1. Have a look at 99, 72, 106, 92 and point out the one that is in contact with a helix residue (DSSP H, G or I) (Cβ under 6 Å, 6 or more places away or on another chain) and either exposed (fewer than 13 other Cβ atoms within 10 Å of the Cβ) or more than 30 Å from residue 37 (Cβ to Cβ) (or both).
2. Among the listed residues 19, 60, 43, which satisfies the condition of being under 18 Å from the mean Cα position of the chain (by Cα) and exposed (fewer than 11 other Cβ atoms within 10 Å of the Cβ)?
3. With 71, 121, 48 as the choices, which residue is within 19 Å of residue 18 (Cα to Cα), in contact with a strand residue (DSSP E or B) (Cβ under 7 Å, 6 or more places away or on another chain) and touching a residue at least 12 places away in the same chain (Cβ under 8 Å)?
4. Can you tell me how many residues within the stretch 30-88 are on the phi > 0 side of the Ramachandran plot and among the aromatic types (Phe, Trp, Tyr)?
5. Name, by its number, the condition in (1) closer than 18 Å to residue 56 by Cα; (2) polar (S, T, N, Q); (3) not in a strand (DSSP E or B) that does not hold for residue 122.
6. For a quick check of your reading: which helices (runs of 4 or more DSSP H) sit entirely within the stretch 1-119 and have at least 1 residues that are over 30 Å from residue 130 (Cβ atoms) and at pLDDT 95 or above?
Amino acid sequence: MSFRPEALGAVNGNGGVVDYRLTRQAVVREYRKGRLSRVDVCDAHPELRRAAEGVGRVIDETCPICEEQPLALVTYAFGPRLPAGGRCISSAREMAKLARGRTQVACYVVEVCTACSWNHLNRVFHVGGR
C-alpha cells in the first residue's frame, strides 16, 4: 500500500510535495555531534506513537537515533470538514477518497520510532480540490 501522492494522482496544479530530508539530516547530524540531546530529538507525543503502532506503515529504514527499530510513517490530513486536530489516515482507500474530494486537504507525513520516540516531519503535500 502506498500513500505517495503521485501513486494516487494526488499532486495537482495546486502544488507539489515539500520534502524535509535536508532538515532531518541536519537534526541527526547535530544530535550525533552532541549539540542536541536525545530528549531534544525523541519527543513524540503519546498519541503520535499510538498512531505509529496502530496504523503506521513500517518502512525499511532504521531509526537514526536509537538505530534499533524500523521507522513507521503516519499520515495526517487537515482541511475543511476535518477535525481541528486533523485526521489520521489509516488506509490507501481513505487517502484516495480525500484525493477525489472537492476541497483541498493538506497531508503531513511524519516518521516515528516507537522505541525511542524519534519523530520528524517527512513531507507535506495537498490532495483534492479538483
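The values are calculated or read from the model by the stated rules, or taken from the named source; none is laboratory data. Predicted model only: the values in this text are computed from it and were never measured. Please note: Cβ atoms are built from the backbone with ideal geometry, for glycine as well, and neighbour counts cover all protein chains shown.
1. Working: 72 fails: either exposed (fewer than 13 other Cβ atoms within 10 Å of the Cβ) or more than 30 Å from residue 37 (Cβ to Cβ) (or both); 106 fails: in contact with a helix residue (DSSP H, G or I) (Cβ under 6 Å, 6 or more places away or on another chain); 92 fails: in contact with a helix residue (DSSP H, G or I) (Cβ under 6 Å, 6 or more places away or on another chain).
Result: 99 is the single residue among 99, 72, 106, 92 that is in contact with a helix residue (DSSP H, G or I) (Cβ under 6 Å, 6 or more places away or on another chain) and either exposed (fewer than 13 other Cβ atoms within 10 Å of the Cβ) or more than 30 Å from residue 37 (Cβ to Cβ) (or both).
2. Details: 19 fails: exposed (fewer than 11 other Cβ atoms within 10 Å of the Cβ); 43 fails: exposed (fewer than 11 other Cβ atoms within 10 Å of the Cβ).
60 is the lone residue from the list that is under 18 Å from the mean Cα position of the chain (by Cα) and exposed (fewer than 11 other Cβ atoms within 10 Å of the Cβ).
3. On the way: 71 fails: within 19 Å of residue 18 (Cα to Cα); 48 fails: within 19 Å of residue 18 (Cα to Cα).
Matching residue, one of 71, 121, 48: 121.
4. Residues flagged as on the phi > 0 side of the Ramachandran plot and among the aromatic types (Phe, Trp, Tyr) within the stretch 30-88 amount to 0.
5. With respect to (1) closer than 18 Å to residue 56 by Cα; (2) polar (S, T, N, Q); (3) not in a strand (DSSP E or B), residue 122 is out only on (3).
6. Values: elements: 21-32, 38-41, 46-54, 92-99.
In the stretch 1-119, 21-32, 38-41, 46-54 are the helices (runs of 4 or more DSSP H) which contain 1 or more residues that are over 30 Å from residue 130 (Cβ atoms) and at pLDDT 95 or above.
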